[in-house]
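The structure appears below as structure tokens.
The values are calculated or read from the model by the stated rules, or taken from the named source; none is laboratory data. Keep in mind it's a predicted model, so treat the numbers as computed, not measured. Here the Cβ positions follow ideal geometry from the backbone for every residue, glycine too, while neighbour counts run over all protein chains shown. To get the accessible areas, we keep the full protein, side chains included, count just its heavy atoms, and leave off ligands, DNA and RNA. Shrake-Rupley method; radii C 1.70, N 1.55, O 1.52, S 1.80 Å.
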Amino acid sequence: MTDEASSSEKPWPVRVVSQKISQWIGRLGWIWVDGQVAQVTRRPGTNTVFLTLRDPSADLSLTVTTNRDVMDLGAPNLTDGARIVVHARPEFYAARGSLSLRADEIRQVGVGELLARLEQLKKLLAAEGLFARERKRRLPFLPRRIGLVTGRASAAERDVLTNARRRWPTVDFRVINVAVQGPSAVPQIVDALNVLDRDETIDVIVIARGGGSIEDLLPFSDEALCRAVFACRTPVVSAIGHETDVPLLDFVADLRASTPTDAAKRIVPDLADEVRLIAQAKQRLDRSLRGLLDREQHRLDALRSRPSIARPLTMVDNRATDVTALQARATRNLVHRLDRAGTELEHTLARLRTLSPSATLQRGYAIVQREDGAVVRAPAEVKADEQLRIRLAEGELTAATTATATAD
């Protein structure tokens, strides 16, 4: 809206706006309202009782006024933290600008009805996947720092701290004390949960409370708390009440501990057990190492006992004997072949000598050669006065022809 448009409209007085709001709220009529009692105020000398009714799932409350007789009839023993249903008419006080409820009937919610509502809420959250096993995270083996949300100076706080430090003396905690029952419990627990989830040093968060009635443990089945736990990035451990107590927080948390003492056992290991396990592992490692060394020693001994390792020269000696035998055999074969070849050579030489011209010359024959070395085989091959060389067995002669001879 522009300044020009807004200046053209006539503003309403506050009393008119307040009256119109009162008229609109008055049209709601009588309604049923469910909530948790945060405070009950009975003023002496008057029949009016004032209640502060809080929404368990939201940080919101309304004032309820009623008659003492209505209170005594519907909820005579009403105390802070009780769950009630009121039949009331919304009223807006224009003079103060405040909203309240005027009740003509009050019913205190019984255990059966509470259980039925919790069962309905349980089915709703389960259908949305808040209880799914696959989304639950494993706790770290040894968390650096543990966040603890619990009542101030409570037995649950003492059980968690004492037992955790007994198991692991150096464990570190960040403790946030909150109300663990009553109308302010859920907002305080959710706020503490968010603070610890934002702390980067926190590895796991524990929400712990001792035992109590269904009404006392009701905050731990609150829808807002369940959704806050589901949204946490840090693993959450639920340690509420005793073994038989099963609030809805147990189903949403990453780990459910039956008691606060059990939670201490789940979040940190036992130092004595770990030392014992390390000693056992060391013994097993020593035995394995000794066994390995023994096996390898046996293998070395077996290798060293082999003849090739124990007496390495034996193989050389055996090979040397083989070489000597082969050498002698080769020598014999060579001598035999040489002898045979020599005999054959002598026979060949004898045949050559028999067929040799020198042998013929030794028998008295001669070889006549011309000056050019050609052998003369017929008289017609020689001319008159031609110089001839006559080879004898013991030398040569030179002769000249006197006439051409004819063959016989």
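Scanning region 233-253 for residues that are open to solvent by less than 10 Å² (accessible area, probe 1.4 Å) and under 18 Å from Leu161 (Cα atoms) turns up Val236, Val237, Ser238, Ala239, Ile240, Gly241. Would you please list the contacts, defined by Cβ atoms under 6 Å and residues six or more apart or on different chains, that run from a residue in region 349-374 that is farther than 18 Å from Ala399 by Cα to a residue that is open to solvent by 80 Å² or more (accessible area, probe 1.4 Å)? From region 349-374, the pairs are Ala359/Arg353. Thr65 passes every criterion in (1) farther than 29 Å from Val186 by Cα; (2) at pLDDT 80 or above apart from (1). For region 161-189, a residue qualifies if it is within 22 Å of Ser213 (Cβ to Cβ) and either touching a residue at least 60 places away in the same chain (Cβ under 8 Å) or not in a loop (DSSP other than H, G, I, E, B) (or both), and the qualifying residues are Asn177, Gln181, Gly182, Pro183, Ser184, Ala185, Val186, Pro187, Gln188, Ile189.
Table: residues versus (1) among the basic types (Lys, Arg); (2) over 35 Å from the mean Cα position of the chain (by Cα).
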| residue | (1), (2) |
| --- | --- |
| Ala153 | no, yes |
| Leu161 | no, no |
| Arg166 | yes, no |
| Pro169 | no, no |
| Ile189 | no, no |
| Ile205 | no, no |
| Gly212 | no, yes |
| Pro219 | no, yes |
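If you check Asp372, Asp294 for being closer than 30 Å to Arg389 by Cα, open to solvent by 80 Å² or more (accessible area, probe 1.4 Å) and acidic (Asp, Glu), only one passes: Asp372.
Per the listing Leu99, Leu114, Leu28, Leu73, the residue uniquely open to solvent by less than 30 Å² (accessible area, probe 1.4 Å) and either at pLDDT below 80 or at negative phi (or both) is Leu114. Filtering Ala127, Ala153 for residues that are open to solvent by 70 Å² or more (accessible area, probe 1.4 Å), hydrophobic (A, V, I, L, M, F, W, C) and within 22 Å of Phe251 (Cβ to Cβ) leaves a single hit, Ala127.
The rows are residues; the columns are (1) exposed (fewer than 12 other Cβ atoms within 10 Å of the Cβ); (2) among the small types (Gly, Ala, Ser); (3) under 30 Å from Leu114 (Cβ atoms); (4) in contact (Cβ under 8 Å) with a residue 60 or more places away in the chain.
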position	(1), (2), (3), (4)
Pro260	no, no, yes, yes
His298	yes, no, no, no
Arg304	yes, no, no, no
Ala328	yes, yes, no, no
His336	yes, no, no, no
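So, in region 212-232, of the ones that are in contact with a strand residue (DSSP E or B) (Cβ under 8 Å, 6 or more places away or on another chain) and part of a loop (DSSP other than H, G, I, E, B), which residue ends up most open to solvent (accessible area, probe 1.4 Å)? Step by step, filter region 212-232, then rank; the result is Glu215.
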